[in-house]
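Have a look at the structure below, then the notes.
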Amino acid sequence: MIRSYKIECLVVRKNKIGETDNRLTVLSKDQGLMIVLARGIRKINSRRSPHLDLLNHVKLYLAKGKTFDIVTDVEPLNHFSELKTHLSRIACAYKMIELINKLLPEKEEQSLIFNRLLSDLHILNSAFTVDEIKLTEDFANFLLMELGFLPRDKKLVGRVLDTVLEEVCERKIQSNVLLSKLL
């Protein structure tokens, strides 16, 4: 039985547990959305802490745990530092990961969605001018099509898209508030 393994993933959610631990939700190409436990990550002298921020592209080394797999080591691949200096781009990236957290089922392979999110984050990280609203709407439409909520020949925009997303999620999309204030 394999007790440890490694995955390439994007950190899409981070929750505090106890005094020093974090529960991370990561999106990997092969295993889809999964929850892992990062022990001691909030200690001041933790060497893994800077690599496990939201929107980081990392390679995780994991050990099988009873409930959650446990992060044993981290290898950074991309921090998207340019993206994290523009508030409007951060808001768009947050909307993308919020949709992923609310729509994707756990532990199902999502290689197309992983690749699309990664390429969109690279676009947001570039120094070029980007139409953030169009990029976010395209990603939301792609996600709805891939998950079977929208036919391939249909494309939604604006408030209609947000309404459909909220109906599918059965919850309000929180990042829309931030986006409307910024853009």
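Where a number appears in this text, it was derived from the coordinates with a stated rule and is not lab data. Because the structure is a prediction, the values reported are computed rather than measured. Positions of Cβ are backbone-derived with ideal geometry, glycine not excepted, and every protein chain shown enters the neighbour counts.
Quick notes
- Entries of LYS102/LYS155; LYS43/LYS84; LYS6/LYS155; LYS43/LYS172; LYS59/LYS154; LYS66/LYS172 with Cα pairs more than 28 Å apart: LYS6/LYS155; LYS43/LYS172; LYS59/LYS154; LYS66/LYS172
- The Cα trace of segment 40-183 gives Rg and Dmax of 16.6, 52 Å, the first to one decimal, the second as a whole number.
- Loop trypsin sites (Lys or Arg not before Pro), segment 97-183, which have at most 13 other Cβ atoms in a 10 Å radius of their Cβ (DSSP): LYS107, ARG152, LYS154, ARG171, LYS172
- Calculated from backbone phi, Karplus (6.51, -1.76, 1.60) coupling profile of segment 135-151 in Hz, x at Gly/Pro: 4, 5, 5, 4, 5, 5, 5, 4, 4, 5, 5, 5, 8, x, 8, 9, x
- Amide H contacts under 5 Å for LYS29: GLU8, restricted to partners 5 or more places along the chain or on a different chain, H placed in the peptide plane at 1.01 Å from N.
- Projecting the alpha carbon convex hull of segment 4-78 along each direction and taking the average yields 4.5 nm².
- Cβ-derived FRET efficiency at R0 35 Å, ARG159 paired with THR85, nearest 0.05: 0.75
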